[in-house]
Each structure stands twice: as C-alpha cells, then as structure tokens.
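Encoded as structure tokens, the structure appears first; notes follow it.
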Amino acid sequence: VFVARHETFRSVVTLSGNMKLLEDVPNFQIKKINAWNGSEEEAERGAALFRDEMMENGPGVFNWPLFEVRVSHLQQNKSLVHVNVSLFLMDAMSDLILRQEL
C-alpha cells in the first residue's frame, strides 16, 4: 500500500543516471526471520546479522526496489523492523513520509 501511494518508491535509476518512475511494480515482499528461539541474546545476535547483511549489500539502483524492509522476530511479542533505503530516493519530503508511515 505504501509503495502504491508514493511514486518515489516506485522509481529506479536508468543507465544514463536519470530517475524513472515505474507505473506498475510487483507486490513488495518483506523478508522475515524468526530469530527468537528462547534466548534473547541469540535473537539479538540473529537480528544483528540480518542488519549487517542489509548494510553490506544494500539495495541496487538499477532494479526495483531501491529499498529493503526486513523484520526480525526477537521474542513471542517483540519484533524489530530493519529499513534500508537507497539515498537516490531520499529527499527531505520522502524521508518525512517514510518516518511518519512506519
């Protein structure tokens, strides 16, 4: 729903360096891990590895999406949302919209 409402998050960068708005994009899938196995310390380590993987790889700019959202389930009723957005997408308004809607 968020992606459908905000065209910035339906954009890619062309080989010439221009931003291109995609009219239709597939449904965005959030990657999830169940880091919780009874040990809070192990769950925190699993979430840290998930986050590190996102930081090392990051979203590409030539293929959609230019952002990534993941969820680490840390305990039965506690989850951590990881968000990684290409700076090609982020201006002040886009950042504000993203923060308000999370």
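Every read-out reported here was derived from the displayed coordinates using simple, explicitly stated rules and does not represent laboratory data. What you see is a predicted model, and the numbers here were worked out from it, not measured in a lab. Methodologically, a virtual Cβ is constructed for each residue, glycine included, from the backbone with ideal geometry; neighbour enumeration extends over all protein chains shown.
I need the calculated FRET efficiency for the pair Leu15 and Asn37, taking r as the beta carbon distance and R₀ as 35 Å, to the nearest 0.05.
0.20
Name the long-range amide H neighbours of Leu89: under 5 Å, sequence gap of 5 or more, or other chain; modelled H, no Pro or chain starts.
none
May I ask you to evaluate 6.51 cos²θ - 1.76 cosθ + 1.60, the Karplus curve with θ = phi - 60°, for each residue of region 81-92 and list the ³J(HN,Hα) values in order in whole Hz, giving x for glycine and proline?
9, 10, 10, 10, 10, 4, 5, 4, 8, 9, 10, 4
Can you give the translational diffusion coefficient of the chain in µm²/s, computed by Stokes-Einstein from the Kirkwood radius over Cα pairs at 25 °C and 0.890 mPa s?
Roughly 165 µm²/s, to the nearest whole number.
Leu74's amide H: which non-local residues (gap 5+, or another chain) put their own amide H closer than 5 Å, with H modeled 1.01 Å from N in plane and none for Pro or chain starts?
Placed amide hydrogens put Ser79, Leu80 under 5 Å from Leu74.
Can you work out the Karplus-derived ³J(HN,Hα) for every residue in region 10-25? Use 6.51 cos²θ - 1.76 cosθ + 1.60 with θ = phi - 60°, whole Hz, and x for glycine or proline.
10, 9, 9, 9, 7, 4, 7, x, 8, 7, 10, 7, 8, 5, 10, 10
Kindly write out, for region 59-75 in residue order, the coupling ³J(HN,Hα) from the Karplus curve 6.51 cos²θ - 1.76 cosθ + 1.60 (θ = phi - 60°), rounded to whole Hz, with x marking Gly and Pro.
Listing the rounded values in order: x, x, 9, 8, 10, 7, x, 8, 8, 9, 10, 9, 10, 9, 7, 9, 9 Hz.
Please state the Cα pair-distance histogram of region 45-100 with 5 angstrom bins from zero: what percent is in each bin?
4, 17, 25, 21, 18, 11, 4, 0
Between Ser79 and Ala48, what is the label-to-label distance in nm when each label sits 7 Å out along the Cα-to-Cβ direction?
It works out to 2.3 nm between the two label points.
Could you tell me the relative contact order of the chain? Use alpha-carbon pairs under 8 Å, at least six residues apart, and round to a whole percent.
27
Hey, what number do you get for the chain at 222 nm if only DSSP H runs of n ≥ 4 count, each worth -39500 (n - 2.57), divided across all residues, to the nearest 500?
Rounded to the nearest 500, it is -9500 deg cm²/dmol.
Just tell me which aspartates and glutamates come within less than 18 Å, Cα to Cα, of Lys20; anything on the same chain fewer than 8 places away is out.
Glu7, Asp91
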